[in-house]
Amino acid sequence: MKIIVAGGDGFCGWPTALYLSQKGHDVSIIDSMVRRKIDRELHSNSLTPIATLEERVAKWKELTGKEIRIYEGDLVHYDFLKEVLKREMPEAFVHFAEQRSAPYSMIDREHAVYTQNNNVTGTLNVLFGIKEIVPDCHLIKLGTLGEYGTPNIQIEEGYIEIEHKGRKDVLPFPKQPGSFYHLSKVHDSHNIMFACRIWGIRATDLNQGIVYGLDTEETKKDPVLTNRLDYDGVFGTALNRFIIQSTIGHDLTVYGKGGQTRGFLHIKDTVRCIEIAAENPADKGEFRVFNQFTEEHSVGDLAEKVQKVANEEGYPTHIAHLENPRVELEDHFFHAENTKLKDLGLEPHLLDEEVIREILRTVVAHKERVIKENILPQVKWK
Ligand code: NAD
Ligand code: USQ
């Protein structure tokens, strides 16, 4: 299958591009490299040293003989996107290419506007590009589980049957997102759903939980293929941050009570979910929604799991409860449905102590790269 991976230089996109290529798909990458520029803006870095995208794909070709074509450019520039679509004529367009940090979107007005302009305009351009140039192409769009917020009822996969005043309908599940970033994903979902309805586009919205880990079978083949790994207070995410903190003797940064519960999945499952979506395309005009996560955990429980493994590995670790920089519930009901990807063949990699140990042993090798001043959260929601 001819597949474009937009955002293919990023944390989820790079291992996905390699995995799909390994599986025999004809892969090309679009990326503006903005994530590398943001590292410079924040005076931060990936924990792991990462090669340039050119070096990465050259190494992949040398090791496997498989070619991944690169298009460096911005989805917000429609003329650029149209040219790539005309040249590639993809059957699937995997869209990871967004500003994905909630704290970054909450820094100030400029960062909120940048996030929503980049994400919403980029996705609108992808929708128009598919309509004009490749109307049969399947859009596989990364949404986020956080679009739903934390309602006091079970979260369904995109839609809920509601009975109201004696009448019934199946309607989009209510959205109560917690940052301007998460809101951008809600806006995207609405735009995609509308485009499916009016133009007959086929789309899958993957409401993904928090991704942990860094390695896949493919990224481990050579150091040049190493994935990026974020740990700072802006782009680092809960479990990966805790593991890295434990290796440098930093207290684990649980925000508030730590009862915040979210969906999580291993990066190895992210890449497989994309393959499943690609190989089972949505119907023409269908706006399909999958909740893409494998397990639910509270951040407090995750901190305790990391603490136990880290202590066993010789890294004495304490848990701190910091004042929560975000506005969010710290003690709440959370349960989301996630059967659709499993029904299509996903066999989850579950989080156990061995998985935490494996990630910890990998990150220890790079711990001297941590910029300690970047660990504590600086961005406040209020
Ligand atoms: P990332 O920042 O590591 O990668 C995103 C990539 O997209 C970067 O390489 C960046 O340069 C590129 N990009 C951003 N805007 C672009 C644009 N306008 N044009 C071209 N390229 C652009 O992020 P990630 O962690 O790989 O996340 C990928 C996607 O998955 C995002 O849409 C994110 O919202 C979603 N997601 C991520 C997680 C997670 O835990 N990492 C969880 C759920 C959903
Ligand atoms: N948290 C801590 N300590 C930390 C970091 C986070 O307690 O050091 C808490 C946060 O307050 C929050 C939860 O952990 O309650 C998750 O925060 P996070 O930074 O790990 O994840 P989040 O901001 O939700 O965003 C990440 C990705 C985003 C993706 C989202 C999936 O950056 O791209 O969309 O996870 S989800 O959370 O399911 O919406």
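Given Ala195, Ala203, which one is modelled with pLDDT of 95 or more, more than 30 Å from Ala303 (Cβ to Cβ) and under 21 Å from the mean Cα position of the chain (by Cα)?
Step by step, each of Ala195, Ala203 is checked, and only Ala203 is modelled with pLDDT of 95 or more, more than 30 Å from Ala303 (Cβ to Cβ) and under 21 Å from the mean Cα position of the chain (by Cα).
Just to be sure I understand the filter: pairs with C-beta atoms under 6 Å, separated by 6 or more residues or on different chains, first member in the stretch 9-34 and more than 18 Å from Thr48 (Cα to Cα), second member open to solvent by 20 Å² or more (accessible area, probe 1.4 Å) and within 13 Å of ligand 1 (Cβ to nearest atom). Which pairs pass?
Cβ pairs passing all conditions: Ile29/Ile70; Ile30/Tyr71; Ser32/Asp74.
Return the residue satisfying two criteria in turn: it lies in the stretch 275-311 and is in contact with a helix residue (DSSP H, G or I) (Cβ under 9 Å, 6 or more places away or on another chain) and either free of Cβ contacts under 8 Å to residues at least 40 places away in the same chain or aromatic (Phe, Trp, Tyr) (or both), and of such residues it is nearest to Ile130 (Cα to Cα). It would help to see each step written out before you state the result.
Of the stretch 275-311, the ones in contact with a helix residue (DSSP H, G or I) (Cβ under 9 Å, 6 or more places away or on another chain) are 275-278, 282, 284-294, 297, 299, 302-303, 305-311.
Remaining after also requiring either free of Cβ contacts under 8 Å to residues at least 40 places away in the same chain or aromatic (Phe, Trp, Tyr) (or both): 287, 290, 293, 311.
Details: Phe287: 14, Phe290: 21, Phe293: 27, Asn311: 51 Å.
Restricting to residues being in contact with a helix residue (DSSP H, G or I) (Cβ under 9 Å, 6 or more places away or on another chain) and either free of Cβ contacts under 8 Å to residues at least 40 places away in the same chain or aromatic (Phe, Trp, Tyr) (or both), the top hit is Phe287.
Rundown of residues vs (1) under 17 Å from Leu302 (Cα atoms); (2) open to solvent by 70 Å² or more (accessible area, probe 1.4 Å), yes/no style:
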{"site": "Lys340", "(1), (2)": "no, yes"}
{"site": "Leu346", "(1), (2)": "no, no"}
{"site": "Leu350", "(1), (2)": "yes, yes"}
{"site": "Ile359", "(1), (2)": "yes, no"}
{"site": "Thr362", "(1), (2)": "no, no"}
{"site": "His366", "(1), (2)": "no, no"}
{"site": "Asn374", "(1), (2)": "no, no"}
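Out of the residues in the stretch 123-150 that are within 16 Å of ligand 1 (Cβ to nearest atom) and free of Cβ contacts under 8 Å to residues at least 60 places away in the same chain, state the one that is farthest from Val94 (Cα to Cα).
Per the criteria, the residue is Gly149.
Assuming Ser46 fulfils every condition listed in (1) assigned to a helix (DSSP H, G or I); (2) touching a Leu at 6+ places or on another chain (Cβ under 6 Å); (3) within 16 Å of ligand 2 (Cβ to nearest atom) apart from one, which condition is it?
Of (1) assigned to a helix (DSSP H, G or I); (2) touching a Leu at 6+ places or on another chain (Cβ under 6 Å); (3) within 16 Å of ligand 2 (Cβ to nearest atom), only one is false for Ser46: (1).
Limited to the stretch 5-41, what total is found for residues that are away from ligand 1 (no atom under 11 Å from the Cβ), part of a strand (DSSP E or B) and open to solvent by less than 20 Å² (accessible area, probe 1.4 Å)?
Of the residues in that region, 2 qualify.
Could you tell me which residue of the stretch 70-81 is farthest from ligand 2 (Cβ to nearest atom), considering only residues that are open to solvent by 20 Å² or more (accessible area, probe 1.4 Å) and out of contact with any Phe, Trp or Tyr (no Cβ under 9 Å at 6 or more places or on another chain)? Break it down into steps so the answer makes sense when it comes.
Pass one, the stretch 70-81, residues open to solvent by 20 Å² or more (accessible area, probe 1.4 Å): 70-72, 74, 76-80.
Next cut, out of contact with any Phe, Trp or Tyr (no Cβ under 9 Å at 6 or more places or on another chain) only: 70, 72, 76-77, 79.
Details: Ile70: 23, Glu72: 22, Val76: 19, His77: 23, Asp79: 28 Å.
Here the residue is Asp79.
I'd like the full set of residues that are under 12 Å from the mean Cα position of the chain (by Cα), within 12 Å of ligand 2 (Cβ to nearest atom) and either closer than 21 Å to Asn311 by Cα or β-branched (Val, Ile, Thr) (or both), limited to the stretch 244-273.
Answer for the stretch 244-273, where residues must be under 12 Å from the mean Cα position of the chain (by Cα), within 12 Å of ligand 2 (Cβ to nearest atom) and either closer than 21 Å to Asn311 by Cα or β-branched (Val, Ile, Thr) (or both): just Thr270.
Which condition number does Arg241 fail, the rest of (1) of a type in the set (Lys, Arg); (2) farther than 19 Å from Val309 by Cα; (3) not in a loop (DSSP other than H, G, I, E, B) being met?
(2)
So which strands (runs of 3 or more DSSP E) stay within the stretch 251-324 end to end and still have 3 or more residues that are open to solvent by 10 Å² or more (accessible area, probe 1.4 Å) and away from ligand 1 (no atom under 16 Å from the Cβ)?
Correct list: 319-322.
State whether one or more residues within the stretch 161-173 are over 24 Å from His297 (Cβ atoms), free of Cβ contacts under 8 Å to residues at least 40 places away in the same chain, out of contact with any strand residue (DSSP E or B) (no Cβ under 8 Å at 6 or more places or on another chain) and in a loop (DSSP other than H, G, I, E, B).
yes
Residue by residue, here is whether (1) within 21 Å of Arg272 (Cβ to Cβ); (2) open to solvent by less than 60 Å² (accessible area, probe 1.4 Å); (3) within 16 Å of ligand 2 (Cβ to nearest atom) holds:
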{"position": "Met89", "(1), (2), (3)": "no, no, no"}
{"position": "Arg100", "(1), (2), (3)": "yes, no, yes"}
{"position": "Ala112", "(1), (2), (3)": "no, yes, yes"}
{"position": "Thr115", "(1), (2), (3)": "no, yes, yes"}
{"position": "Asn118", "(1), (2), (3)": "no, yes, yes"}
{"position": "Gly122", "(1), (2), (3)": "no, yes, yes"}
{"position": "Leu127", "(1), (2), (3)": "no, yes, no"}
{"position": "Ile130", "(1), (2), (3)": "no, yes, no"}
{"position": "Thr144", "(1), (2), (3)": "yes, yes, yes"}
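Given Gly24, Gly65, Gly73, which one is in contact with an Asp or Glu (Cβ under 9 Å, 6 or more places away or on another chain) and either acidic (Asp, Glu) or at pLDDT 95 or above (or both)?
Gly73
Collect the residues in the stretch 218-240 that are of a type in the set (D, E, K, R), in contact (Cβ under 8 Å) with a residue 40 or more places away in the chain and either open to solvent by 30 Å² or more (accessible area, probe 1.4 Å) or more than 11 Å from ligand 1 (Cβ to nearest atom) (or both), keeping them in residue-number order. Break it down into steps so the answer makes sense when it comes.
Narrowing the stretch 218-240 to residues of a type in the set (D, E, K, R): 218, 220-222, 228, 230, 232.
Add one more test, that the residue is in contact (Cβ under 8 Å) with a residue 40 or more places away in the chain, and what stays is 218, 221-222, 228, 230, 232.
Glu218, Lys221, Asp222, Asp232 - these are the residues of the stretch 218-240 that are of a type in the set (D, E, K, R), in contact (Cβ under 8 Å) with a residue 40 or more places away in the chain and either open to solvent by 30 Å² or more (accessible area, probe 1.4 Å) or more than 11 Å from ligand 1 (Cβ to nearest atom) (or both).
With assigned to a helix (DSSP H, G or I) and either at pLDDT below 95 or closer than 29 Å to Leu341 by Cα (or both) as the only criterion, which of Leu142, Leu85 stands out? Break it down stepwise before answering.
On the way: Leu142 fails: assigned to a helix (DSSP H, G or I).
Of the residues listed, the single one that is assigned to a helix (DSSP H, G or I) and either at pLDDT below 95 or closer than 29 Å to Leu341 by Cα (or both) is Leu85.
State all residues of the stretch 331-361 that are assigned to a helix (DSSP H, G or I), closer than 14 Å to Lys268 by Cβ and in contact with a Lys or Arg (Cβ under 9 Å, 6 or more places away or on another chain); if no residue qualifies, say none.
Correct list: Leu341 only.
The values are calculated or read from the model by the stated rules, or taken from the named source; none is laboratory data. What you see is a predicted model; the values in this text were computed from it and never measured. Cβ coordinates were reconstructed from backbone atoms using ideal geometry, including for glycine residues, and neighbour counts include every protein chain displayed. For the accessible areas, the whole protein counts, side chains as well, though only heavy atoms, and no ligand, DNA or RNA atoms are used. Shrake-Rupley method; radii C 1.70, N 1.55, O 1.52, S 1.80 Å.
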